[in-house]
Amino acid sequence: QVQVVESGGGLVQAGGSLTLSCTASGLTFDDYVMHWFRQAPGKEREGVACINWRGSNKYYGDSVKGRFTISRDNAKNTLYLQMNSLKPEDTAMYYCAAEETEVFLGCTSAYNFPYWGQGTQVTVSS
């Protein structure tokens, strides 16, 4: 019944921009800290960014700081990732994940992700 669906991926030239969306249904959206992850073929999953319940706190992985912006619209049950100045190394499958927690300590300590999307592919060409 719970569905988490990413959209907005595609092919973009280096230096370009792309906005990803993640829409959740069947859950109380603002009960969850939300995360973006990415994974390239043959590489480990990497945390991209996370945002707390009301969007008042945001954290970013070192590789995307200054280029990506995470946001959420709880009225629309939607999470966003605005990606600017894209680089070929940003090429990956991007996943949206919902974290169940009573305390927000940032992205890296999170471990309880009951819901994941199926991913949306981002390909950055040079």
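Here is a check on your reading of the model: is Ala92 at pLDDT 95 or above, surrounded by 19 or more Cβ atoms within 10 Å (Cβ to Cβ) and out of contact with any Phe, Trp or Tyr (no Cβ under 8 Å at 6 or more places or on another chain)?
It is true that Ala92 is at pLDDT 95 or above, surrounded by 19 or more Cβ atoms within 10 Å (Cβ to Cβ) and out of contact with any Phe, Trp or Tyr (no Cβ under 8 Å at 6 or more places or on another chain).
Just to be sure I understand the filter: pairs with C-beta atoms under 8 Å, separated by 6 or more residues or on different chains, first member in region 11-24 and on the phi > 0 side of the Ramachandran plot, second member open to solvent by 30 Å² or more (accessible area, probe 1.4 Å) and in a loop (DSSP other than H, G, I, E, B). Which pairs pass?
Between residues of region 11-24 that are on the phi > 0 side of the Ramachandran plot and residues that are open to solvent by 30 Å² or more (accessible area, probe 1.4 Å) and in a loop (DSSP other than H, G, I, E, B), the close pairs are Gly15/Ser85.
Kindly evaluate Lys65 against the criterion of being farther than 13 Å from Glu6 by Cβ and touching a residue at least 12 places away in the same chain (Cβ under 8 Å).
no
Looking for something open to solvent by less than 40 Å² (accessible area, probe 1.4 Å), in contact (Cβ under 8 Å) with a residue 60 or more places away in the chain and over 15 Å from the mean Cα position of the chain (by Cα) - is there at least one such residue anywhere in region 113-124?
yes
Mind listing just one residue for me: the one in region 35-55 that is in contact with a Lys or Arg (Cβ under 6 Å, 6 or more places away or on another chain) and in contact (Cβ under 8 Å) with a residue 24 or more places away in the chain and, of those, farthest from Val103 (Cα to Cα)?
So the residue we want is Gln39.
Check Asp31, Asp73 and return the single one that is acidic (Asp, Glu) and closer than 19 Å to Gly106 by Cβ.
Answer to the check: Asp31.
Keeping to region 49-72, report how many residues are farther than 16 Å from Gly8 by Cα and in a strand (DSSP E or B).
Total satisfying the criteria: 6.
For region 56-84, what are the residues that are open to solvent by less than 20 Å² (accessible area, probe 1.4 Å) and in contact with a Lys or Arg (Cβ under 8 Å, 6 or more places away or on another chain)?
Those that are open to solvent by less than 20 Å² (accessible area, probe 1.4 Å) and in contact with a Lys or Arg (Cβ under 8 Å, 6 or more places away or on another chain): Ile70, Thr78, Leu79, Met83.
The values are calculated or read from the model by the stated rules, or taken from the named source; none is laboratory data. Note that the structure is predicted; figures quoted are calculated from it, not measured. Cβ atoms come from the backbone with ideal geometry, glycine included; neighbour counts cover every protein chain shown. Side chains included, ligands, DNA and RNA excluded: accessible areas come from the protein's heavy atoms. Shrake-Rupley method; radii C 1.70, N 1.55, O 1.52, S 1.80 Å.
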